[in-house]
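Please treat every number below as a calculation from the coordinates, not as lab data. Computed from a predicted structure; not experimentally measured. Backbone-built Cβ (ideal geometry, glycine too); neighbour counts: all protein chains shown.
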């Protein structure tokens, strides 16, 4: 079995890439995609931890997988909402570049 | 552990609330456009029904549902009734606004009901995933409601910023949950506290995980330095939604944080000492930044946003005072949440009435309001004095309890800072009051005050001066505003009575609050 720490490293790397994307991308759509990367990092972490559960006693613990399924569902809804709002933004302002979305500051 | 479905009936109020929300969505399809305000009344009636249902069914019940994911106890009952009541008042003050300024009233009320359901579940959840799902039920409704003015660029912008930061903070929170889960194998609050107090070799993963959870919740609370979304979302949102964001969503986030801290962190006493420093830092930063930046604001919604960030700082300071052997901290927080919410409802009802009459929301627009509509000016003045913490209003009582708890816990510097920043906050509240009472340069002498329900902050000569309406000397060029609608008047009068009543005689509420906090901190 692949050791847990490899999964955790993969997950951390994905999370950092997502974090970087949120900071560096200028298009709102790409920011949302980066957030999706972060959420997928969470899922990898959870599922890996749940399948390496032997250290925690005898009873079967599926919490990790269940949480991952919930996160996938919630993330899908979140993207739907975010895209609707971004579309609205595009129709009103003809841009989704977050640098130009600056009506309100401070 | 009881069977999973043995006591599902304890969730009847939640099922009823969800049913009510769907009912509103369906009836919305059947009503003609001009009758849609009936939906608001239906929601209010339904919410009152759910309050009655919870009060009949739940008192004295102590149970956990779904194998410990949800708790039915005094704490959740208190917050359930509190949130439902807030919902009633928010809907009452938004019915006129929705009719005048917003399309799609049915979805507005439906989403509001769903978000109240989310808030109720947040106060009940004792497990991280359950807490997260309830939090998202609240947040998703709020994202849509902030964007509700579809063709208003500011509303779009506020909502976009809100959803991006909200999704980002959810990802951070979830990563924290996943690290705690992989380190401990539990996500239940009592499991976390058991692990924290028994574990000897602290893995850094666990600390990072818990810290990420705190960061994620910090975003939801809008605590500095995670507050940058709040002013924009507040300013962009339609006024009733701003009110809802400032009052209810904040109270719900604190209901969740309070349960998380007192069930997962506080029982692990020696680790809690280390967390206290972090919470205290967040609290101090929020007080300072919120209140200082508020000084520079011109827009009323933004002012309220920064002022609410300051209040988050005070409440977090109360969270520092949580401990297993004293209920003072928890009592202070819950009482503060109630007092702050009631006072803010009065502010926002007055602002909504003002916006309905004029369409304006900048501070300079309020000039001369004391002449144009004395009651509105009085309502804003009283509630701002209360928020600033002047005696006889609930704002003084709540700050007194909270800061006493902080000082008793040994954090004198934090209590001192809280008092200092309260004084700073008085400055920008008085700016608004000056705008309303003095600005049009009337030659009205400061006569004996004859405003409102006869209550006054004693001492504070400046406030007494600004407090005096000069309705007997109408000098020239102002035009009176139309009276606020009866609905808004009712909300404001009830709110003002509560602001003064709880300020003078808080004992009955405190008794309820003590019952609530005893449920989450049994050691006290």
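Peptide B:177-189 has a mean of 6 when you count, residue by residue, the C-beta atoms of other protein chains within 10 Å of its C-beta.
Mean per-residue shielding of peptide A:44-52 is 4, counting Cβ atoms of other chains within 10 Å of each Cβ. Per-residue shielding of B:162-169, expressed as the average number of other chain Cβ atoms within 10 Å of the residue Cβ, stands at 6. Relative to the longest principal axis of the Cα atoms of chain B, the long axis of helix B:374-388 lies at roughly 40 degrees. Among A:80, A:18, A:64, the largest mean-square fluctuation in a Gaussian network model of chain A (Cα springs under 10 Å) belongs to A:80. Working from label points 7 Å from Cα in the Cα-to-Cβ sense, the residue A:83 to residue B:211 distance is 3.6 nm. Legend: ranking of residues B:207, B:229, B:413 from fewest to most surrounding C-beta atoms inside 10 Å; resulting order B:413, B:207, B:229.
One decimal place: the segment residue A:62-residue A:27 gains 8.9 nm when fully extended, by the rule 0.36 nm per residue minus the C-alpha distance. Calculated on the Cα set of the protein assembly as shown, radius of gyration then Dmax: 24.1, 86 Å. Pairing the Cα long axis of helix B:153-184 with the longest principal axis of chain B, what angle in degrees results, from 0 to 90 and rounded to the nearest 10? Tilt of helix B:153-184: around 20 degrees.
A Stokes-Einstein calculation at 4 °C with viscosity 1.567 mPa s, built on the Kirkwood radius of the stretch A:4-93 over Cα pairs, returns a diffusion coefficient of 89 µm²/s. Each peptide among B:77-87, B:284-294, B:483-493 gets the average number of other Cβ atoms lying within 10 Å of its residues, and from highest to lowest they stand as B:77-87, B:284-294, B:483-493.
Averaging 1/r over every pair of different alpha carbons in chain B and inverting the result gives a Kirkwood radius of 23.3 Å.
Remark on the stretch B:150-209: hydrodynamic radius 13.6 angstrom, per the Kirkwood mean of 1/r across alpha carbon pairs. Normalised by the number of residues in chain B, the mean separation of alpha-carbon contacts (under 8 Å, six or more apart) gives a relative contact order of 15 percent. Ratio of Rg to Rh for the stretch B:77-181: 1.02 [Cα atoms; Kirkwood radius as inverse mean 1/r over pairs]. Here the spin labels are modelled as points 7 Å beyond Cα on the Cα-Cβ line, and at residue B:41 and residue A:13 they lie 6.4 nm apart.
Counted by neighbouring Cβ atoms within 10 Å, the residues B:119, A:1 run from fewest to most as A:1, B:119. Measure nothing fancy, just the Cα-based angle from helix B:105-124's long axis to the longest principal axis of chain B, in degrees from 0 to 90, nearest 10. Roughly 40 degrees, rounded to the nearest 10.
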